[in-house]
Structures are given as structure tokens and as C-alpha cells.
Amino acid sequence: MALPPPDPQFVLRGTSASVHTLHFSCGGPEPDIPLLFSGSENGFIHVWNLKTHRVDTALDGHGRKSVYCVETMGGKDRLLSQGRDQRICLWDLAEGRTSVTDSVFTEHVGFCRCSLLKVAQGRWLMAMAARSLEEVQILELPSKTSVCTLKPEVGAKLGMPMCLKLWQLNCDSQPVLLAGYEDGSVVLWNVSMGKALSQLICHQEPVMSLDFDVEKAKGISGSSEKVLSIWSLNEQQNLQVYETLELVNAGISDITIRPDKKILATAGWDHRIRIFGWKKLKPLAVLDYHTATAHCVSFSDHSNPRERLLAAGSKDQRISVWSIYAQT
Amino acid sequence: VCFIPGGLDCSISFVSHVLGKVCVHGRQKEILGVLVPHLMDLTKSDCIWQRICWRLVECVPDRWMEAVVLGFVQRAPGADVLSRLLGNLVVKNKKAQFVVTQKMLLLQYGHTTAVLQNLLGYLSLDSLRRSLLLRVLQELLETWSSSSAVKHSPAEQQLYISKAILICLSHLKEPEIESCRQELLTSMMEGVKCHLDSSLPQLRRLGMVVAESISSKINTEGPVLKFEYEEDDETRELKSLLVQTPPFCVVPSLPDDDRSEKAGAALPLVPESDEKPHTAAPVMPDEELDAELDSDDDLTPYDMSEDKELKIKTPVYIRDCIEVLTGSRAEDVDEWEAAVKALESLVRKNPAATREVSVELAKILLHLEEKTCIEGFVELRQRAQVAVLTTDPIPVAKYLTSQFYSLNYSLRQRMDILDVLVLAAQELSCPKFHGKTKHSGAQKPCIQLLPGSDSSKDWRRIVDERIKSKTRRFDMGRSHVELASCPNKFNSVAGHFFFPLIQHFDRPLTTFDLLGEDHLVLGRLVHTLAILMYLAVNTVAVTAMGKALLEFVWALRFHTDSYVRQGLLSCISSLLLSVPAERVLADMTEELLETQSWLGDVMEKDPDADCRRLALQNLLLMENLKKKLEAVPS
């Protein structure tokens with residue numbers, strides 16, 4: 001007899017707007033407070049204290065335009081946020097400050113979240129959708145110098161980039177970018193050479209979100225259709241389809257693989273969060289709490305595995321936090 | 001007719017005279033039927049024979065030249081043969097030039113496409129004659145782009161001219177196109193405007209095809225003009241005329257070349273990886289199952305039986321639908337979609353509830369715009385409107401007809417009103433129509449132009465059937481609903497549908513002038529009135545309607561738009577079929593006589609073939625009417 005799905009461990013209320021992005025920062029040693037950063041449609045970034053379940057700080061840096069991406073850069077003191085005001089802001093949050101130290105004007109009017117990759121101590125690469133329709137720009141942070149611009153060939157008709165993931169196999173190898181586009185294809189780019197290595201048509205509709213497991217060289221992408229597409233990267237750096245997973249209702253907003261690569265979570269337009277096993281893609285649970293589209297889903301980075309959490313943000317302005325499969 | 005070649009100087013002018021005389025007496029076919037094949041063989045390689053042939057035709061006296069040239073052009077099996085036979089006759093002889101470049105192209109239009117090909121091919125084959133070809137093209141374009149020609153010349157002539165233009169274009173070479181590019185562009189713009197203004201779908205399509213062809217010729221690189229229209233045999237034939245041997249199209253290859261050169265960051269692996277998904281079976285790591293302990297086993301799934309497909313609740317009450325559609329909760333597009341889809345059936349199932357809010361519903365539906373992308377939105381809306389109108393005819397008809405003549409509606413909305421009135425009238429008068437309305441009111445998704453007279457074809461079929469079976473019907477008397485015998489619901493409301501529509505047609509508003517620019521809507525209005533008249537058979541108001549309609553037709557009978565005239569003639573047909581014969585002859589005698597003489601005029605002189613046919617049918621109907629009544633012993 002299967003158990004009924006668990007209830008959320010707690011629910012964070014108080015954003016007064018749809019929640020579009022979430023990011024945990026719980027890896028710090030005691031006595032650091034575990035934090036959850038959330039970006040909302042009203043332009044605020046809320047810093048939630050996961051001990052008190054209240055907002056510690058609210059950051060207003062995007063002119064009340066929706067914030068759709070938040071990431072920390074090596075710790076909770078440095079935050080990066082991306083908003084619909086076409087800007088990416090870098091924040092300094094140490095010692096109670098809440099100031100924007102730097103910003104990048106992307107001129108991008110879409111919804112493509114940027115992707116960060118730490119390449120060296122104090123140096124990051126950031127991939128973001130650029131001004132021109134099909135291009136992705138790679139910048140080095142914090143210097144904001146452009147490393148390269150990835151342009152698909154003329155006539156490729158990929159459409160806008162929808163989701164990005166920068167990764168590298170290990171510290172010494174070349175950074176590579178996986179980009180999902182509006183026409184449903186995922187392209188693997190070599191960043192240093194600025195060339196595309198492989199392209200795979202995964203969906204008929206735009207790719208809404210993707211995530212990639214670097215060790216197993218396997219990735220997963222979701223779109224507005226009823227299927228999840230799982231693909232792998234072989235030795236020749238070619239993408240090939242591994243499997244497709246049929247969903248009950250169409251539409252996926254976000255997909256995340258847990259850092260220990262055991263499970264993955266999807267946020268769906270049918271208000272539900274689904275958990276699958278990553279190894280064999282076995283459906284594990286359907287978490288039905290929200291009353292509107294779930295926009296984002298994120299796993300925490302707790303160093304103690306038992307404390308690991310899953311957070312989901314939705315259009316119903318709530319953030320649900322779950323503890324699921326934390327024992328393994 | 002046999003000649004002895006070699007050194008002898010012979011004069012063949014007497015032969016030319018004979019040829020000319022025979023041709024002018026109408027015997028072109030016989031004589032040229034023998035002559036042309038002979039000459040064709042003889043002139044194939046022999047220059048002397050060619051020159052003899054040319055002398056032959058050149059010596060034909062001017063008064064017979066036309067017949068001869070016409071005969072040759074029609075008889076010759078190809079442009080090159082014609083060139084061999086006639087030589088540069090058109091350049092040397094003024095009359096021949098007139099016949100070839102003016103008379104056959106602009107003043108006549110009965111010749112076949114093959115004849116056109118011969119003629120224009122002939123002009124293009126010699127450098128001396130090519131200047132004539134350009135001149136011909138210019139004159140053809142002038143005619144094609146003149147708005148009065150588009151409005152008044154018959155459709156067959158316009159088709160002929162369009163074909164001629166396309167064939168000319170196919171013969172032109174690059175430098176020639178360069179030299180007259182500007183003129184081509186100007187004529188194309190003017191011509192396309194006149195053609196798109198027309199109410200007849202066939203003319204609009206002709207304009208589109210020709211404009212596309214001209215555009216593709218003058219813009220060999222860069223975007224070309226592309227219209228969306230239904231392909232049919234006619235358009236395919238026209239387009240095929242554009243391509244001649246040697247082939248002329250340069251367009252497709254250029255962009256391909258550019259693309260392959262510019263692909264610096266090429267994706268050489270793309271084709272392979274695209275194919276791989278098709279062939280790759282899911283790579284199941286079967287081996288790993290045995291080798292590795294499946295660590296997924298310790299992740300026990302939870303109960304997922306509650307996970308079902310998300311269903312949007314469809315509204316169950318009409319007032320709920322109204323609330324959703326008026327956008328008091330504008331955010332929820334799923335609910336809006338569900339409301340739109342459910343509305344028609346709700347209206348039909350709850351007539352009492354509908355009657356309470358009928359006018360409000362009608363108002364909402366008239367102004368309803370597509371919020372999200374639903375398939376078949378236009379049809380859904382129309383069916384809902386028809387349902388509302390049939391459930392509560394009188395107030396809703398009053399509302400709709402008053403809105404038809406109000407300010408600030410788009411032409412599309414006004415024509416929607418007409419369509420809805422017709423569909424509802426059909427449903428009310430013939431119960432067996434309910435649910436099977438094959439009336440294609442729905443527009444196709446690629447919209448740019450107002451749709452053509454689909455409704456007129458449908459009803460015309462009905463009227464034609466009626467006309468064919470008319471004697472039988474009259475014999476059977478009054479029952480035109482043979483099957484289901486239930487009261488004709490249209491009876492009580494026919495007048496409410498009809499009279500308000502006919503009332504204000506001559507009163508222009510600032511945004512809507514039926515007698516002026518909006519003649520397309522006038523055409524639709526006239527056709528609608530014809531259908532309403534036809535459906536009003538056996539109703540009480542039919543005689544009054546008939547009289548009003550006759551007056552209406554009389555006022556508009558000289559309208560320049562052929563679509564409107566067709567509508568007027570169909571009004572007369574409906575009238576003659578619906579109003580009982582005795583009433584027609586008793587109440588409308590003088591008007592009928594006047595109408596009869598008008599119909600005779602139309603039958604003889606109207607440029608539009610459909611109008612002439614309809615007028616003839618009406619006259620036949622009138623004849624039958626009279627005979628019927630005379631046969632009945634009084």
C-alpha cells in the first residue's frame with residue numbers, strides 16, 4: 001500500500017505576487033541561518049529565513065518589474081538577480097547591506113534565465129540571452145567582459161533561447177553550454193570556440209526548462225507539451241534522445257535534478273510538482289498543494305542530507321517547502 | 001497551289017488576293033487547313049519558301065488583312081511556325097500590327113490560351129518585334145490596372161488579359177524587365193488595388209495571381225509579394241503560363257547558395273544527430289541492472305492515484321457564462337474558453353433562462369473578441385448567436401437589425417449580423433435544418449480579405465433546385481415543408497427580420513455608407529434579403545415583404561457592382577417563388593411589368609454572365625407564373 005503523498009513541511013506566504021524563481025543558500029556552517037531567496041512578479045527579491053519562516057529582507061532592484069532568476073555567487077553574500085527590466089543585478093548582502101554593486105544591461109526582453117558557472121576563484125562565466133533574437137552571450141563576471149557570442153547559423157530558425165545551462169566536466173575542461181530554444185531543439189555549444197557541437201530536436205514546442213547531469217552526461221528537458229525528453233551526450237559530443245516520459249497534464253515550467261542526482265522535480269502548469277527517480281525515471285510522487293501554475297522548483301544545498309528540502313514557487317503567491325526522500 | 005522553284009520571277013499577288021477573299025468570306029478554316037501544313041513543311045528549312053510565304057501574306061490587301069492574319073494566328077501550331085510563316089509582317093504592315101497588338105488582345109477575348117501563346121511567342125521571337133512585345137505588355141497592364149475596366153468588363157475578358165500579361169512576362173528577358181521595372185511596379189500596385197476592391201472572389205484571385213507573378217519577376221532577390229488564396233485549376237493554369245521553355249525562374253536558387261556560403265559556424269553534425277533520434281531505440285541499461293544494485297529501489301513511490309487530468313469546470317448556468325465573458329474575472333482564460341465552448345448548448349437547453357437575458361447575450365456575443373487561440377472561435381460564436389436568436393427571436397432581431405445600421409461597427413461585424421439572421425431564419429423556417437447548418441460562415445484561419453460570396457452559392461443552389469422543380473411545387477400547392485409538420489416558427493418573426501434591414505439602406509452614416517464605398521456589405525445585404533424573402537414563403541407578411549423588396553430592387557437596379565446586381569436578381573427570384581401567384585399579379589402588376597422590361601435589358605446588355613443568366617431565369621419564372629394563372633379557370 002503506497003503512502004499518500006506528504007504535505008509540505010511549511011509554506012511561506014507574504015510575497016503578494018507570483019513567485020517566479022527560488023534559490024537556496026543553506027550550505028554555510030553553523031551559526032549561519034539557512035536562507036531561501038525568491039524572486040517575484042512585483043520586482044521584489046525576498047530573503048526568507050528558514051528558521052523563522054519569515055522574510056528577513058526584501059530587495060527592490062528591478063524597478064518593480066518581474067524578477068525571474070536569482071542565483072548566489074559563492075555564498076549568501078553575493079546575489080545575482082535577473083529581471084524583466086532587462087537588467088542583471090549583482091548584490092552585496094554581507095553584513096546586512098542591500099546594495100546593488102553592479103549591473104549588466106542585457107537588452108533581452110524574453111524570459112530566458114541566465115546560467116552561472118564558477119570557473120576559478122572569484123571568476124564566473126554567465127550565459128545570458130542577448131539582445132539579438134537567437135543569440136546567447138557569455139560574459140565573464142565580475143569583469144563583465146564578453147567572452148563570446150553564440151549565434152546559430154543563418155536560417156537555422158531556432159527562435160529565442162528559452163533556457164540555458166553552462167557546465168564543465170571538471171575544472172580543467174572547456175566550459176560548454178546547453179541551450180534550449182523556441183523551436184524545441186537543444187543545442188550544445190563549445191564556449192571557447194563559439195561553435196555549436198550538436199543539435200537535437202527534443203520537442204515540437206518551445207523548450208521551457210532543462211537540466212543536465214554532468215557525471216552521467218544525461219539531461220532532461222520539458223516544454224509545453226505532455227512529454228519530458230531525456231537525452232544523453234555520447235563521447236563524440238553528440239546529443240541523442242534516450243527516452244521520453246509521458247505526463248498526465250501538459251506543460252512544464254521548471255525542472256531540477258537534486259544535487260545528489262537521485263531524484264528530479266518538475267514544476268507543472270497543472271499546479272503539481274512531480275518527483276521522479278533520476279536513474280530510471282520512475283515516477284515517485286505527485287505533490288499537489290498549489291492552486292495555480294507552479295513556476296519554479298529548487299532543491300536545497302544543505303550539507304546534512306537529512307535536512308534537505310525542496311521548494312516550489314507558484315502563481316498563487318505561495319512557496320511550499322517539502323522534505324521528501326531526504327533519508328536516502 | 002504549286003510553285004516551280006528556280007530562277008523564275010513570279011508574282012504571287014494574285015494568290016494573296018485569292019487567299020484574302022476566301023478568308024474574309026469566312027472560309028479561313030478550310031483554306032488555311034490545307035495551306036498552313038504545306039507551308040509549314042516547305043518553310044522548315046528553305047529560305048526561299050519562307051520569303052515566298054512572307055510575300056504571300058504581305059500582298060494581301062488591307063481590307064482582308066485582318067481575316068488572314070487572324071486565321072494564321074489561330075491555325076499555326078506554334079509560335080515558331082507562325083514566325084516562319086508571317087515573318088515581320090507586323091512590323092511592315094500597319095493593319096496587321098493593329099490586329100495582332102490591339103484587336104486580338106484588347107478588343108477580343110474569345111481566343112484560347114494556345115492562340116495567345118502563339119501570338120505573344122511570335123512577337124518575342126524576333127528582335128524587331130520585341131519592341132512590340134513591350135508595348136503590348138504596357139497596354140495590357142494599363143487595361144489590367146484601370147479601375148473602370150475591372151469594374152465593368154466581364155470576368156472572361158479579365159481572365160484573358162491576365163493570361164496575356166503572364167505570357168508576356170514569361171517571354172521577357174532580364175534587361176527588358178530592368179528597363180520597365182518602374183512601370184511594372186506602378187501598374188502592379190494600382191491594379192492590385194482595383195482587383196482587391198472587387199466584390200467577386202474570382203476577380204480578386206485573378207488580381208492576386210497576376211500581382212504575385214509580376215512581383216516575382218521584378219524582385220528576383222528579396223521578398224516577393226505573396227497572397228493567400230485557395231488554389232484551384234484556374235490559378236494553377238495561370239501560374240503555369242509564367243514558365244516558358246527556356247525556363248525563366250531565378251528565384252529559388254539564390255538564397256540557397258547564399259546560405260551555404262555564409263554558414264561559417266556550420267553544424268556539420270546536425271544532419272546526423274537529427275537522424276539519430278529516429279533510429280535510436282531507447283538505450284536501456286539492461287546490463288547495469290545486474291551489475292549494480294539499483295539504488296532507486298530504496299525510493300518508494302508515494303500514492304499517485306489522485307493524479308488525474310486537469311479538467312476545467314464548464315459553466316452550468318447562462319448567467320455564469322455571461323459573467324465570465326464580460327470579463328469581470330479577466331485573468332482566467334481557461335474559464336473564458338470553457339464558457340465560449342459551452343454557451344451554445346446551454347442556450348439551447350435553457351430557453352426560458354435565455355429569454356431573460358437574450359438581448360444582453362446578443363450584445364456580448366456581437367462584441368466578443370478572441371481572447372485566446374481557440375479553434376473554430378468564429379464558428380462557436382456564430383452558433384451561439386444563432387442559438388440566442390432562435391430562442392428569443394423578436395427582441396434579439398430588433399437589437400441586431402438596429403445595430404446593423406449603427407455607428408462604429410466594423411464591416412465584418414455587420415456582415416456577421418446578416419449571416420446570423422440568415423442562419424436563424426433558416427433554422428426557424430425549416431426545422432430539419434437545425435443542427436445541420438452546412439452554411440460556411442466560419443472564416444479560414446489565414447484571414448486577410450473579406451470572404452467571398454459563399455452564402456450566395458449555397459442559396460443559389462437551393463433556388464436553382466426550386467426553379468427546376470417549380471411546376472411540381474406549384475401543383476402541390478402550399479406545403480413546402482413536406483416532412484415534419486410543425487408550425488413554421490419563422491412566420492411570426494419574418495417581418496421583424498426583414499423590414500428593419502430594408503429600412504435605412506439609403507441613409508449614410510459617418511462610418512458606414514451602403515450606397516457608397518461599402519458596396520460589399522450592400523451586396524451581402526441584398527443577398528440576405530433574398531434569402532429571407534425565400535424563407536418567408538407561406539408566412540403572413542410575405543406579400544408586404546414582396547412589395548417592399550420590389551421597391552428596393554427598383555431603386556438599386558442600376559448599381560455598378562455586379563455582385564449587388566446578382567443579389568437584386570436573386571431577390572426577384574425569391575419574390576416570384578415565395579409570394580403566392582395571385583397576390584403577385586393582383587398587387588404588383590405595374591411594378592412587375594416594369595421589372596420585366598428591366599430584366600429583358602439585363603439579359604441582353606449586362607456585362608456579367610451570371611447576371612444575364614439570372615435575368616433569364618427570372619423571365620422564365622414570370623412566364624410560368626402567368627401561364628399558371630391563365631391555366632386556372634377563373
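Between B:Asp334 and B:Thr511, the distance separating the two model label sites (each 7 Å from Cα on the Cα→Cβ line) works out to 3.6 nm. Considering only the Cα atoms of chain A, their convex hull presents on average a projected area of 15.9 nm².
Per residue, how big is the convex hull of the range A:193-328 when only Cα atoms are used? Give it in Å³.
Details: hull volume 17.0 nm³, N = 136.
Cα-based convex hull of the range A:193-328, divided per residue, equals 125 Å³.
Note on A:Lys157: lysines with a C-alpha under 23 Å away, same-chain residues under 8 apart excluded, are A:Lys165, A:Lys195, B:Lys226, B:Lys262, B:Lys276.
Please check which bits of the range B:62-79 a label hung off B:Lys103 would reach, taking the label as a point 7 Å along Cα-to-C-beta and the cut-off as backbone N under 17 Å. Of the residues in the range B:62-79, B:62-76 have backbone N under 17 Å from the label point off B:Lys103. Proximity of backbone amide H atoms, modeled 1.01 Å from N, is registered between A:Arg78 and A:Met73, A:Leu93 at under 5 Å, excluding neighbours fewer than 5 places apart on the same chain. Cβ crowding within 10 Å, taken as a proxy for footprinting-reagent exposure, orders A:Ser185, B:Ser199, B:Ser305 from fewest neighbours to most as B:Ser305, B:Ser199, A:Ser185.
For the range A:47-98 versus the range B:112-129, the inter-centroid distance based on Cα atoms is 77 Å. For chain A, modelled as a GNM whose springs connect Cα atoms under 10 angstrom apart, the maximal fluctuation among A:Ser232, A:Ser38, A:Ser209 occurs at A:Ser232. Counting only other chain Cβ atoms within 10 Å of each residue's Cβ, the peptide A:186-192 averages 1. Residue ranges B:225-231, B:61-67 sort as B:61-67, B:225-231 when ordered by packing (mean number of other C-beta atoms within 10 Å per residue, highest first).
Please label the shape of the range B:10-109 as rounded, prolate or oblate, based on the square roots a ≥ b ≥ c of the eigenvalues of the alpha-carbon gyration tensor (a/c under 1.5 means rounded; beyond that, a/b larger than b/c means prolate, else oblate).
Working: a/c = 1.39, a/b = 1.27, b/c = 1.09.
Because its axes are fairly even, with a/c under 1.5, the range B:10-109 counts as rounded.
Here the residues B:His496, A:His23, ranked from fewest to most Cβ neighbours within 10 Å of their Cβ, fall in the order B:His496, A:His23. Length gained on full extension, A:Lys51 to A:Asn170: 39.4 nm, using 0.36 nm per residue less the C-alpha separation. Averaging the Cα positions of each part gives two centres, and for the range B:28-91 and the range B:578-634 these lie 51 Å apart. For the range B:361-435, the fraction of C-alpha pairs more than 21 angstrom apart is 24%. If you bin all the Cα-Cα distances of the range B:328-383 at 10 Å, starting from zero, the percentages per bin are 21, 56, 22, 0. Label positions at B:Glu309 and A:Lys118, each projected 7 Å from the Cα along the C-beta direction, are separated by 4.7 nm.
Provide the three semi-axes, in whole Å and in decreasing order, of the ellipsoid equivalent to the protein assembly as shown as defined by the square roots of 5 times the Cα gyration tensor eigenvalues.
Details: eigenvalues 992, 414, 105 Å².
They are 70, 45, 23 Å, listed from largest to smallest.
Counting only residues at least eight positions apart within a chain, or on another chain, the lysines with an alpha carbon under 27 Å from that of B:Lys489 are B:Lys341, B:Lys349, B:Lys363, B:Lys398, B:Lys432, B:Lys436, B:Lys438, B:Lys457, B:Lys468, B:Lys470, B:Lys547.
How many partner chain Cβ atoms sit within 10 Å of a residue's Cβ in peptide B:304-312, on average, as a whole number? Can you show the working numbers first?
Numbers: counts 12, 3, 5, 12, 4, 6, 9, 1, 0.
For this peptide, the per-residue mean of nearby foreign Cβ atoms is 6.
Can you give the FRET efficiency for A:Asp92 and B:Glu237, using 1/(1 + (r/R0)^6), R0 = 51 Å, r = Cβ-Cβ distance, to the nearest 0.05? Given R0 = 51 Å and the Cβ-Cβ separation, E is 0.10.
Using only the alpha carbon atoms of the range A:25-153, find the Kirkwood hydrodynamic radius as the inverse mean reciprocal pair distance, in angstroms to one decimal.
15.2 Å
Database remark: amide H of A:Ala285 closer than 5 angstrom to the amide H of A:Ile275, B:Tyr302 (H placed geometrically; neighbours at sequence offset of 5 or more, or on other chains; Pro and chain starts carry no H).
With the simple spin-label model, which puts each label point 7 Å out from Cα in the Cβ direction, the B:Thr372 to A:Ala58 separation comes to 3.0 nm.
If a/c stays under 1.5 just call it rounded; otherwise compare a/b with b/c (prolate if a/b is bigger, oblate if not). Do that for the range A:107-246, with a ≥ b ≥ c from the square roots of the Cα gyration tensor eigenvalues. Numbers along the way, then the final one.
Working: a/c = 1.74, a/b = 1.25, b/c = 1.39.
Verdict is oblate for the range A:107-246.
The range B:311-384 and the range B:207-240 have their alpha-carbon centroids 41 Å apart.
If r is the Cβ-Cβ distance from A:Lys65 to A:Ser143 and R0 is 25 Å, what FRET efficiency results, to the nearest 0.05? The pair A:Lys65/A:Ser143 has a calculated efficiency of 0.45.
In the neighborhood of A:Val207, defined by Cβ-to-Cβ distances under 13 Å, what is the net charge if each Lys or Arg adds +1 and each Asp or Glu adds -1?
Working: positive: A:Arg113, A:Lys165; negative: A:Glu182, A:Asp183, A:Glu205, A:Asp211, A:Glu225, A:Asp254.
For residues surrounding A:Val207, the net value is -4.
When its C-alpha radius of gyration is set against 2.2 N^0.38 Å (N residues), the range B:488-633 gives a value of 1.04.
Ordering B:Leu35, B:Leu185 by the number of other Cβ atoms within 10 Å of each residue's own Cβ, fewest first, gives B:Leu185, B:Leu35.
Bear in mind these aren't lab numbers, they're just calculated from the coordinates by the rules spelled out. This structure is a prediction, so every number in the text was calculated from the model and none was measured. We place every Cβ from the backbone using ideal geometry, glycine too, and count neighbours over all the protein chains shown.
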